[in-house]
Amino acid sequence: EIRCFPADTCCWIVSSLFSLKVNGFPTCCMVEIVVNVMFLFQVIKVYNEDNTSKAVEVPTDVTARDICQLFVLKNHCIDDHSWTLFEHLSHLGIERTIEDHESVMEVSSGWGMDSDSRLYFRKNYAKYEFFKRPLDFFPDHMVSISTETNGLVDHSELIQTFLKSSTCPEIHGYLHAKEQSKKSWKKFYFVLRRSGLYYSNKGTSKEPRHLQLFADFSDSHVYTVLSAKKLHGAPTEFGFCVKSTKCSSARDLKLLCADDEQTRTCWITAMRLLKFGMQLYQNFVQPYQKQKASPMRSISENSLVAMDFSGQKTRVIENPSEALSVAVEEGLSWRVSQDGHGSPSAAQSSVPNIAIHLAQPWFHGKLSREEAQRLIIQQGLIDGVFLLRDSQSNPKTFVLSLCHMQKIKHFQILPVDDEGELFYSLDDGHTRFADLIQLVEFYQLNRGVLPCKLKHHCAQITL
């Protein structure tokens with residue numbers, strides 16, 4: 001087998017061989033030792049949304065969380081625990097979240113040599129949101145206790161019920177299923193239990209003689225289907241499927257389709273919980289437990305000091321009260337100058353306002369409506385996920401794209417001219433902002449005319 005290694009790894013191999021030779025090791029032992037160490041590492045390629053990629057050498061037991069942590073550090077990202085590794089199978093048109101504990105090498109070992117399979121590194125704000133807001137993910141009409149206990153679920157204990165091995169909520173409802181080896185789709189009543197996913201061959205009957213096993217999850221994963229209508233002739237775009245780890249052909253996929261995004265999200269989330277159970281909860285709480293165990297401020301925060309530049313000589317402000325009052329005074333004076341009541345010249349106040357937003361991570365420039373929706377869907381359909389972009393229909397305006405109730409809405413940001421001064425507004429000039437940064441900061445704290453506050457911005461990085 002021919003394998004390629006980065007230059008630093010090659011240097012290490014050569015130096016190791018030389019060191020072993022000097023110490024009198026036989027050549028056969030030297031080769032065996034180095035080869036064994038070499039195979040403890042693998043080179044993998046990870047892609048970004050813009051399809052740029054980065055090859056990194058990692059241990060063979062590396063997990064998805066390890067990879068995310070590596071790229072967070074390399075790219076100086078803020079680690080808010082939403083960075084995620086995705087398995088993307090282009091030849092099948094499907095993808096899924098690789099759970100934080102999963103072995104990346106085990107995932108990639110199931111790929112065919114000629115398949116276009118990739119690992120993607122991007123945000124997924126919805127990854128563990130169901131632990132925080134279960135009611136948003138599990139509608140009342142789709143959830144009940146399984147027939148063995150015959151009762152309704154108390155939503156305050158819904159997630160705990162999922163995590164217990166002895167009990168399991170029952171998810172039920174209508175789904176479209178693609179018939180094997182046919183192009184047609186048929187609507188069935190489905191029931192998800194701990195033993196697997198079933199469909200009823202007689203209306204909504206849950207009697208054992210009417211339930212047929214559709215899929216189990218012992219050796220399978222649930223994937224989101226991309227372009228379900230185009231690729232598979234699905235009745236809606238809300239497609240998903242159950243894929244066996246041994247499956248390599250689209251013919252072997254067990255394809256399903258929901259009528260809306262909330263229904264699809266409910267089924268996929270329930271299947272993840274049934275498959276991984278308590279391990280998912282441990283993945284969710286682990287980063288927070290580490291933070292509590294070692295409460296440290298960031299390096300950048302520790303390196304910040306208050307300075308006074310008002311006199312002939314600069315000085316460090318050591319008194320905390322004085323530092324706080326100076327910070328408040330500086331903030332007020334900045335706001336006054338931005339509101340146009342200060343004394344800076346027109347050139348000083350107008351130029352930053354025009355382009356100050358361009359460097360912000362939430363601004364995505366000439367992004368189309370469709371591309372904005374795709375990006376928000378990829379990074380998680382939860383309340384408050386947003387981005388700002390240039391308007392395609394009116395070059396002088398901007399658009400705020402925001403997710404609320406698993407739907408994406410677009411709000412036009414209009415320029416307002418007031419006696420020669422330019423402001424931006426979302427509500428026809430009732431609330432005005434000198435620049436887009438002020439606008440975003442305001443709506444992060446206040447809902448205003450929006451359906452919800454701005455919470456998570458869509459982020460794109462270059463690997």
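For segment 184-226, what are the residues that are open to solvent by less than 60 Å² (accessible area, probe 1.4 Å), among the hydroxyl-bearing types (Ser, Thr, Tyr) and over 17 Å from Ile268 (Cα atoms)? If the condition is that a residue be open to solvent by less than 60 Å² (accessible area, probe 1.4 Å), among the hydroxyl-bearing types (Ser, Thr, Tyr) and over 17 Å from Ile268 (Cα atoms), then Ser184, Ser200, Ser205 are the ones that fit.
Suppose the filter is within 20 Å of Leu197 (Cβ to Cβ), at pLDDT 85 or above and open to solvent by less than 60 Å² (accessible area, probe 1.4 Å); does His172 pass it? When the stated conditions are applied, His172 passes them. Taken residue by residue, segment 265-273 has no member that is open to solvent by 20 Å² or more (accessible area, probe 1.4 Å), closer than 28 Å to Lys407 by Cα, in contact with an Asp or Glu (Cβ under 9 Å, 6 or more places away or on another chain) and among the hydrophobic types (A, V, I, L, M, F, W, C). Applying the condition of being at pLDDT 90 or above and part of a helix (DSSP H, G or I) to segment 22-69 and asking which residue is surrounded by the most Cβ atoms within 10 Å (Cβ to Cβ) yields Ala64.
In a residue-by-residue description of segment 113-121, the property of being in a loop (DSSP other than H, G, I, E, B), more than 27 Å from Leu231 (Cα to Cα), modelled with pLDDT under 85 and not charged (D, E, K, R) applies to no position. Restricted to segment 418-448, and to residues there that are out of contact with any strand residue (DSSP E or B) (no Cβ under 8 Å at 6 or more places or on another chain) and either among the small types (Gly, Ala, Ser) or in a strand (DSSP E or B) (or both), the residue that is surrounded by the most Cβ atoms within 10 Å (Cβ to Cβ) is Glu421.
The residue pairs whose first member lies in segment 425-452 and is within 21 Å of Lys407 (Cα to Cα), whose second member is acidic (Asp, Glu) and crowded, with 17+ Cβ neighbours inside 10 Å, and whose beta carbons are closer than 9 Å, counting only pairs six or more residues apart or on different chains, are Pro451/Asp383; Cys452/Asp383. Residues in segment 70-108 that are open to solvent by 40 Å² or more (accessible area, probe 1.4 Å) and outside any loop (DSSP other than H, G, I, E, B): Leu70, Leu73, Lys74, Glu106. Within segment 153-161, not a single residue is at pLDDT 85 or above, assigned to a loop (DSSP other than H, G, I, E, B) and open to solvent by 40 Å² or more (accessible area, probe 1.4 Å). Looking at Ala359, Ala372, just one residue is within 21 Å of Lys123 (Cβ to Cβ), out of contact with any strand residue (DSSP E or B) (no Cβ under 6 Å at 6 or more places or on another chain) and small (Gly, Ala, Ser), and that residue is Ala359. The residues of segment 123-147 that are surrounded by fewer than 20 Cβ atoms within 10 Å (Cβ to Cβ) and either basic (Lys, Arg) or in contact with a Ser or Thr (Cβ under 9 Å, 6 or more places away or on another chain) (or both), listed by number, are Asn124, Tyr128, Lys132, Arg133, Pro134, Asp136, Pro139, Met142, Ile145. Candidates Ile382, Ile376: the one that is touching an Asp or Glu at 6+ places or on another chain (Cβ under 6 Å) and open to solvent by less than 30 Å² (accessible area, probe 1.4 Å) is Ile382.
Here is a check on your reading of the model: is Leu463 over 19 Å from the mean Cα position of the chain (by Cα) and in contact (Cβ under 8 Å) with a residue 12 or more places away in the chain? No; evaluated as a whole, the condition is false for this residue. Residues in segment 393-411 that are open to solvent by 80 Å² or more (accessible area, probe 1.4 Å) and closer than 24 Å to Glu261 by Cβ: Met405, Lys407, Lys409. On the given criteria, is Asp390 in contact (Cβ under 8 Å) with a residue 24 or more places away in the chain, of a type in the set (Asp, Glu) and within 22 Å of Phe238 (Cβ to Cβ)? Criteria not met by Asp390.
The values are calculated or read from the model by the stated rules, or taken from the named source; none is laboratory data. Everything numeric here is computed off the predicted structure, so don't read it as measured data. A quick note on method: Cβ atoms are made from the backbone with ideal geometry, for glycine too, and the neighbour counts reach across all protein chains shown. For the accessible areas, the whole protein counts, side chains as well, though only heavy atoms, and no ligand, DNA or RNA atoms are used. Shrake-Rupley method; radii C 1.70, N 1.55, O 1.52, S 1.80 Å.
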